[in-house]
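Down below is the structure, laid out as structure tokens.
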Amino acid sequence: MKKLLKYTFIIALLIGGYFTYTTYPKLDIVSGFAAKSVASHYFIAGREKLYTEAEDNKEPTMGMANTMLLEGENAAKSDAFGLKKRWAVNREGVGVVLVPSDKKREDVSYAKPNRDKTPTNLSYPYGDLPQKDTVFQNVNYSELKNVVNNAFVDDSENQKKTRTAIVIYKDQVISEQYIDGFDKNSMILGWSMGKSITSAVLGVLEKEGKISLDQSNLFKEWENDERKNITLTNLLNMNSGLEWEENYTKICDVTKMLFLEEDMTKSQLVKPLIGTPNESWNYSSGTSNLLSGFIRNQFKTEQEYLDYWYSELIDKIGMHSMIIETDFKNNYIGSSYAWATTRDWAKFGLLYLHNGNWNGEQIINPSWIDFTRKPTNGSDGVYGGHFWMNAGGKYPDVPRDMYSLNGFQGQRVYIIPSKDLVVVRTGTHGEENFNVNEFLSGIISSIDY
């Protein structure tokens, strides 16, 4: 009997040790993700906790999280197996912040951006009025309807997890569809589509002559080592040579940044140079938040930084629904947390379709747009200045000039200049379950029939 107890004790110790080594360190991230996701979807998008957990928090490890939504406290809290409790607190104007483990909710203080949401007396996309009825003779509307509907449910009634889709041709909405529970006012988390917003803000600064693509010596922390030679182009192209690991299945640079760090602009800043700039393409959300920090350094005050993204870009093109969430230190999380309606995401695509011009006003220089869609060295033609490319023919039946905003779970804004098209598709499945080539080529065929 004593031997049995001894062996049982040893086995328990081994199991406990294995859990401590493999799982316990992840619990901070698991509970952090759960609290942040539930709170953001509820307070920003108005979606219930059960829906978010079933549709957006469905990764296997999320089963370890127990989350409570505390509407009266404007917050959510989560734990994993009763351990690693995390709080996510909603803050007006800047979204939900994940409170660091060693901080209290009461430590959350912040400034919020000033917004100008004055409506314009124009039709969509340049205003808030309904668009004028326009029928294009070259568009097969019946075929287009079938193509777009097939993005939601195909002929075998296979759910493709598309939530929203809109097709804009020559500035006119020619198709728009939503699943039950979603409509033109529903807020969509763009995930990494936010990287392109960060790039655009830099484009506005460049037009104003405040920055340049070839400038180096970007941060005082780099002035005494080789990192001083990294240019703004290198960062925008994800080609800086800085160390970074982007793997959401494990504890690594990106998961620690998003769910543990107080100041996300510093995560990439402290990394060493391990490659050669312009020869070391490596996708990095840390780089996007580093660029958010670079933008902040262009202003004397936090308030100027917070206002600029909206006053000079987002609200200027009528993306009034958009909210970019900030980290604990109130830096915009330019890598991952921008929200907007599908129609407003489409407006951003139209700004780029028209080479940075918005209804007659040049917001971003055409030369910046050209840079944006030029493939980066080492990316095999799939990446440019914080946008994704089709230059290498990844989608063989889609024009090579197509470029896009890409986000986790299939959030996309496709810009196709040669066809005068912007297409937005959002959902909960990425390209592993959704045929982009078929979707876009079908839309183009319905227009060129």
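The values are calculated or read from the model by the stated rules, or taken from the named source; none is laboratory data. Treat the numbers as computed from the prediction; the structure is a model and nothing was measured. Glycine gets a Cβ as well: all are built from the backbone with ideal geometry, and neighbour counts include every protein chain shown.
In the set ALA75, ALA88, only one residue is at pLDDT 70 or above and under 21 Å from GLY190 (Cα atoms); that residue is ALA88. For ASP380, state whether it is modelled with pLDDT of 95 or more, over 20 Å from the mean Cα position of the chain (by Cα) and surrounded by fewer than 23 Cβ atoms within 10 Å (Cβ to Cβ). Taking the combined requirement at face value, the residue does not satisfy it.
Count of region 169-217 residues, restricted to those that are touching a helix residue (DSSP H, G or I) at 6+ places or on another chain (Cβ under 9 Å), farther than 30 Å from LEU50 by Cβ, in a loop (DSSP other than H, G, I, E, B) and small (Gly, Ala, Ser), is 2. So is LEU306 touching a Phe, Trp or Tyr at 6+ places or on another chain (Cβ under 7 Å), in a helix (DSSP H, G or I) and among the aliphatic types (A, V, I, L, M) or not? The answer is no for LEU306.
In the condition set (1) part of a loop (DSSP other than H, G, I, E, B); (2) touching a residue at least 12 places away in the same chain (Cβ under 8 Å); (3) more than 24 Å from ILE369 (Cβ to Cβ), LYS300 is compliant with all but (2).
The set of residues in region 94-115 that are part of a loop (DSSP other than H, G, I, E, B) and either at pLDDT 95 or above or of a type in the set (Phe, Trp, Tyr) (or both) comprises VAL94, TYR110, LYS112, PRO113, ASN114, ARG115.
For SER441, the conditions (1) crowded, with 23+ Cβ neighbours inside 10 Å; (2) among the polar types (S, T, N, Q); (3) more than 20 Å from SER199 (Cα to Cα) are fulfilled apart from (1). In the set (1) of a type in the set (Lys, Arg); (2) outside any helix (DSSP H, G or I); (3) over 20 Å from the mean Cα position of the chain (by Cα), LYS228 fails one condition alone, (2). Answer yes or no: is there a residue in region 315-334 that is assigned by TED's automatic domain parsing to the domain that holds ASP401, farther than 27 Å from VAL89 by Cβ and surrounded by fewer than 22 Cβ atoms within 10 Å (Cβ to Cβ). Yes - at least one qualifying residue is present in region 315-334.
When GLY393 is tested against the conditions (1) free of Cβ contacts under 8 Å to residues at least 40 places away in the same chain; (2) under 27 Å from LYS207 (Cβ atoms); (3) surrounded by fewer than 18 Cβ atoms within 10 Å (Cβ to Cβ), the lone failure is (2).
Every condition in (1) closer than 27 Å to VAL94 by Cα; (2) surrounded by fewer than 23 Cβ atoms within 10 Å (Cβ to Cβ) holds for PHE348 except the one numbered (2).
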